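Just so it is clear, none of the values below were taken in a lab; they were calculated from the coordinates. All of these numbers come straight from a predicted model, not from anything done at the bench. Cβ: placed from backbone, ideal geometry, glycine included. Neighbour counts: every protein chain shown.
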């Protein structure tokens, strides 16, 4: 397992976090290459099912990121998302999913630096807890 | 009590205050009463109410009686505490209009868990059922048993916080207030004390028994989507077999769908053929919703449902700083 590298799914909103990733790219800021990005219209689009399905399909971590509260392109999408995640997160911990596996953040289009920081942190967190075993389809214990 | 209920219903129907009353009548099985639709005063004598009335009549106000309700006609619904919460939830979610329903509360002592009765009867068929002063008697061939109600009531009823309707138009008898329940919280706290691995193991133990019959979903008063996410096949989000990860995702997502909407009636647990402890997760979600958003399901029909609402200044300590 020495060479193991985590696979992390980053679900980014089109208007802020995805543009933040873009800025990190054009600014040539370095961050770990472990993330796979899915672009979505708004963090309010994220159904908890997407997160569960990614874990089931073998992602070691999931990060959902949207606009800062008050900055949503659709005015209230991220507020609704926040309520949803506020219940999802403790519930996942309750059933025994490590809290590091599923994380949330707000990254604006201007925060390229922060985007790199968040990606580094999530990657390090997931590296620390190792490959996902719970809720992964086809894993024999 | 039952006489008073019948009289009230008769009066309502005779006076034209309601077109229809939904309640319970004696069923063909001794341990389970059947929902009944009463539309004339003469039929009101069919109504019964006791611990066998486990079905939730509120659901029919959005299904079978929907046409009446939509046409602006009034429908009376006889409700226990949990049914009343369902009804308030339907009003809050705009499934029925409050003006179109007359809520008739009845004092609930809890509903039977027929599995418990059958276990105590030791495989002998129950043919007759009666109850008096907290004692329940069942009779059958070579069978004559009397037990304390609390030995055969549903677990969710023993831990009930709102036995009587909070919102009602008519109440038969005296409505009791809700009470804080320590047992429910204690069970959650105890579970939370376990380590992450132990919790996961425990959850796997529970859900590996699930046979994916969807009885919990079908019986749930809060599950009324026309198409459930597990039935969708384009895209098919979730596998159809009782494979453990699919099963767990089904239960977690169903739990999230009823978060802030579960009325804790325990119908899912009673319907479950495998006897799974399904309410633990629901109660955890309910507790989170109450602590974070100060929302309790089905208490005030004027309040916007928690998961359809937001406040700008909410705590967000779970989001990376």
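With both labels modelled 7 Å from their Cα along Cα-to-Cβ, the residue A:22 to residue B:40 distance reads 7.1 nm. For B:137, B:62, B:247, the sequence from fewest to most other C-beta atoms within 10 Å is B:137, B:62, B:247. Placing a pseudo-label 7 Å from each Cα along the Cα-to-Cβ vector at residue B:314 and residue B:135 gives an inter-label distance of 5.2 nm.
Semi-axes, largest first, in whole Å: what does sqrt of 5 times each Cα gyration tensor eigenvalue give for the stretch B:170-274? Don't jump to the answer; show the numbers that get you there.
Working: eigenvalues 153, 96, 27 Å².
Semi-axes from the Cα gyration tensor: 28, 22, 12 Å.
Helix A:17-26 and the long axis of chain A differ in direction by around 90°, with both axes built from C-alpha atoms.
Can you classify the stretch B:221-279 as rounded, prolate or oblate using the Cα gyration tensor, where a ≥ b ≥ c are the square roots of its eigenvalues, rounded means a/c under 1.5, and otherwise it's prolate if a/b beats b/c and oblate if not? Let's see the in-between values first.
Working: a/c = 2.02, a/b = 1.32, b/c = 1.53.
Oblate is the answer for the stretch B:221-279, as a/c is 1.5 or above yet b/c matches or exceeds a/b.
Every Cα-Cα pair of the stretch B:25-66 was included, and the share exceeding 17 Å stands at 37 percent. The mean count of C-beta atoms from other chains within 10 Å of the C-beta of residues in B:236-245, rounded to a whole number, is 3. Placing pseudo-labels 7 Å out from each Cα toward the beta carbon at residue A:30 and residue A:14 gives an inter-label distance of 3.4 nm. With angles folded into 0 to 90 degrees, how steeply does helix A:112-129 sit against the dominant principal axis of chain A? Use alpha carbons for both and round to 10. So the inclination is approximately 10 degrees. Counting every C-alpha pair in chain A, the share spaced more than 19 angstrom apart comes to 49%.
Per residue of the protein assembly as shown, the DSSP helices (runs of n ≥ 4 H) give a summed -39500 (n - 2.57) that works out to -11000 deg cm²/dmol at 222 nm. Extension gain, residue B:128-residue B:146: 0.36 nm per intervening residue step, less the Cα-Cα distance, totals 5.3 nm. A Förster radius of 45 Å, combined with the Cβ-Cβ distance separating residue B:115 from residue B:94, puts the computed FRET efficiency at roughly 0.80.
Stretching the chain fully between residue B:179 and residue B:155 yields a gain of 7.0 nm (0.36 nm per residue, less the alpha carbon separation). Among beta bridges identified by DSSP and lying wholly in chain B, the antiparallel ones come to about 65 percent.
Connecting C-alpha atoms closer than 10 Å in a GNM of chain A, tell me which of A:40, A:95, A:29 has the biggest fluctuation. Among A:40, A:95, A:29, the largest mean-square fluctuation in the Gaussian network model of chain A belongs to A:95. With the convex hull of its Cα atoms as the shape, chain B has an orientation-averaged projected area of 19.2 nm². Which residue, B:85, B:109, B:311, tops the fluctuation ranking in a GNM of chain B built on C-alpha contacts under 10 Å? Maximum among the listed residues: B:311. Working from the Cα coordinates of the stretch B:35-107, the gyration tensor eigenvalues give, after taking √(5λ), semi-axes of 19, 16, 9 Å in decreasing order. The radius of gyration of the Cα set in the protein assembly as shown, together with its Dmax, comes out at 25.1, 85 angstrom. Fewest neighbouring Cβ atoms within 10 Å first, the residues A:115, B:229 line up as B:229, A:115.
With a 10 Å Cβ neighbour count serving as the proxy for reagent exposure, in which order, fewest first, do B:288, A:117, B:192 appear?
Values: B:288 21, A:117 17, B:192 12.
Placing the least packed residue first, the sequence is B:192, A:117, B:288.
Relative to the compact-globule scaling 2.2 N^0.38 Å, provide the ratio for the alpha-carbon radius of gyration of the stretch B:82-237.
Numbers: Rg = 19.9 Å, N = 156, 2.2 N^0.38 = 15.0 Å.
Expressed relative to 2.2 N^0.38 Å, the Cα Rg reads 1.33.
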